[in-house]
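The values are calculated or read from the model by the stated rules, or taken from the named source; none is laboratory data. Small disclaimer: the values here were computed from a predicted structure and weren't measured. All Cβ positions, glycine included, derive from the backbone under ideal geometry; neighbour counts span all protein chains shown.
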């Protein structure tokens, strides 16, 4: 199962090459005699044919929805616990904000490195994924504390509720098939996300060299519009995540792949939270 995040989207289901009992990956051709089933937008799905016999409901060692839910709960739990601890233990008053913010930036960089390492591993490593979540939580905790203290009090609770609303709304739309994940949808989302990330980097560079707001993506009407686009992209990533989980369960992905599902969902939810926080902060600071 590949991550929906454009930075880490390089892999499909894992496989032990040449293993008699291995699981074929999305990036390989179907086994001899196999037939493609479903509408996997990324490649022909080898789980649909021999020797697995099509969708493998109940097959021993196959990923289930309960596996995905439990692993995602653990990963998000690590984010929440470390976020709360960093909020409480890393003060952001005038005397300590520099130190706390430095720790937050360092944690974000560590999380980025851990995420990249996991993305290039053939198999998911639960400890690595949980460590990524923990360091991500430190960054989010300090950032949220800074925003709540200096920009908009109470906005963090609203951002959490907004993130939950986006998740629930996207899941409902996906289950109702109002959102259909096709190869065209996938290409559009990845292209849009690439453009979005490029604009973010350009804006950051402008803000560094001009000591201002860069291109204006962090304030005013343009900042709100940019944040809404980011939220919509996050919702699209959620749809890709849901599709990948659905395919993995239906076609008998190995149980360990549930950790990759949790990894992708966590990254997407962090993305959405940051964009919701951006929009709400701008709205409240302008009032």
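For this structure, a couple of remarks:
- Taking first residues from the stretch 108-123 that are free of Cβ contacts under 8 Å to residues at least 24 places away in the same chain and partners that are part of a helix (DSSP H, G or I) and surrounded by fewer than 17 Cβ atoms within 10 Å (Cβ to Cβ), the Cβ contacts under 7 Å between residues at least 6 apart in sequence or on separate chains come to 114/128; 117/128.
- Subset of the stretch 181-201 [assigned to a loop (DSSP other than H, G, I, E, B) and in contact with a helix residue (DSSP H, G or I) (Cβ under 9 Å, 6 or more places away or on another chain)]: 181
- Test: residue in the stretch 133-146 that is in a helix (DSSP H, G or I), out of contact with any helix residue (DSSP H, G or I) (no Cβ under 8 Å at 6 or more places or on another chain) and surrounded by fewer than 20 Cβ atoms within 10 Å (Cβ to Cβ): no
- Complete set of residues in the stretch 214-235 that are modelled with pLDDT under 80 and buried (at least 18 other Cβ atoms within 10 Å of the Cβ): 214, 215, 217, 218
- Any pair with Cβ under 8 angstrom, 6 or more apart, that starts in the stretch 148-161 at a residue that is touching a residue at least 60 places away in the same chain (Cβ under 8 Å) and ends at one that is surrounded by fewer than 19 Cβ atoms within 10 Å (Cβ to Cβ): 151/284; 151/285; 152/284; 152/285; 155/284
To keep it simple, each residue is scored yes or no on (1) out of contact with any helix residue (DSSP H, G or I) (no Cβ under 6 Å at 6 or more places or on another chain); (2) modelled with pLDDT under 90; (3) assigned to a loop (DSSP other than H, G, I, E, B); (4) within 22 Å of residue 272 (Cβ to Cβ).
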{"position": "56", "(1), (2), (3), (4)": "yes, yes, yes, no"}
{"position": "69", "(1), (2), (3), (4)": "yes, no, no, yes"}
{"position": "83", "(1), (2), (3), (4)": "no, no, no, yes"}
{"position": "87", "(1), (2), (3), (4)": "no, no, no, yes"}
{"position": "93", "(1), (2), (3), (4)": "yes, yes, yes, no"}
{"position": "109", "(1), (2), (3), (4)": "yes, no, no, yes"}
{"position": "127", "(1), (2), (3), (4)": "yes, no, no, no"}
{"position": "152", "(1), (2), (3), (4)": "no, yes, yes, yes"}
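- For residue 177, the conditions (1) farther than 19 Å from residue 269 by Cβ; (2) assigned to a helix (DSSP H, G or I) are fulfilled apart from (2).
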